[in-house]
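Shown next, in structure tokens, is the structure this report addresses.
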């Protein structure tokens, strides 16, 4: 009985979360001219102690899919209304796809296509982001098939929290449209990047070799100081990564913003450059 009551409270909390969460947007900028290359959609839960509820959400495939669909719809609506109401084409927006959904959400490409059509949004205006940790628990063929279907809609795939694993190096060879996001293991720069490279520089060399080969993007997140920024640029230059293919995300440039704040920022300066 106690277990059933706890489960009921958790589901009630999840339903509340689904109705009340907001999507914020954090810009990803060129490291020197600060042009807004793209953005990442981030779910926020104002006024809620959401940790327990989010844990329950992540463990429930049904609600996790429902939540992810709502995020996608909010992003699509933002892109559509910003164009119709303000005449502004937003930079591409990356949407996180929980990897545990991939084996079960077989209609994902069709659902995304339907949302694109309903909101008059082009595929190049969104990107799908998948964490490396989750990818490693999924069959490579499943990821490759999903990525191919997304590519057919001109939707790029980002890999988040990329470290130095061999399976990720294999995934990078799937096609030449892959993009890389170097997540928390790299972005610490003062400690974690040095630790990571000293621990296994060969693994990161392999990843950077793929990035150079495919002329892909490297986004470094959680950059908060000029020292970190200069350290990142120096390290990526050593790997031969062109500055034009580097994106910086973090409080040094922009905190996550509500949709209206993004519009205000772009109204002040519409001169962002699309990621190509």
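The values are calculated or read from the model by the stated rules, or taken from the named source; none is laboratory data. Just so you know, these numbers come straight off a predicted model, no measurement behind them. As a convention, Cβ positions derive from the backbone with ideal geometry for all residues, glycine included, and neighbour counts pool all protein chains shown.
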Over the stretch 115-133, the set of residues touching a helix residue (DSSP H, G or I) at 6+ places or on another chain (Cβ under 7 Å), farther than 15 Å from residue 90 by Cβ and at pLDDT 95 or above is 115
Pairs only if they're at least six apart or on different chains, beta carbon under 7 angstrom, first in the stretch 248-276 and at pLDDT 80 or above, second part of a loop (DSSP other than H, G, I, E, B) and buried (at least 19 other Cβ atoms within 10 Å of the Cβ); list them, first residue then second. 248/31; 248/223; 249/221; 249/223; 250/221; 250/223; 252/223
Residue list for the stretch 205-217, filter: touching a helix residue (DSSP H, G or I) at 6+ places or on another chain (Cβ under 6 Å) and under 16 Å from residue 31 (Cβ atoms): 217
With respect to residue 83, is the statement that it is within 16 Å of residue 261 (Cα to Cα), out of contact with any strand residue (DSSP E or B) (no Cβ under 8 Å at 6 or more places or on another chain), modelled with pLDDT of 90 or more and buried (at least 16 other Cβ atoms within 10 Å of the Cβ) true? yes
Filter the stretch 90-124 for residues that are in contact with a strand residue (DSSP E or B) (Cβ under 6 Å, 6 or more places away or on another chain) and assigned to a loop (DSSP other than H, G, I, E, B); which is surrounded by the most Cβ atoms within 10 Å (Cβ to Cβ)? 97
Report, by residue number, each residue of the stretch 219-251 that is under 30 Å from residue 74 (Cβ atoms) and either in contact with a helix residue (DSSP H, G or I) (Cβ under 6 Å, 6 or more places away or on another chain) or part of a strand (DSSP E or B) (or both). 219, 220, 221, 222, 223, 246, 247, 248
Tell me, yes or no, whether the stretch 43-66 has at least one residue that is under 21 Å from residue 116 (Cβ atoms), out of contact with any strand residue (DSSP E or B) (no Cβ under 8 Å at 6 or more places or on another chain) and modelled with pLDDT of 85 or more. yes
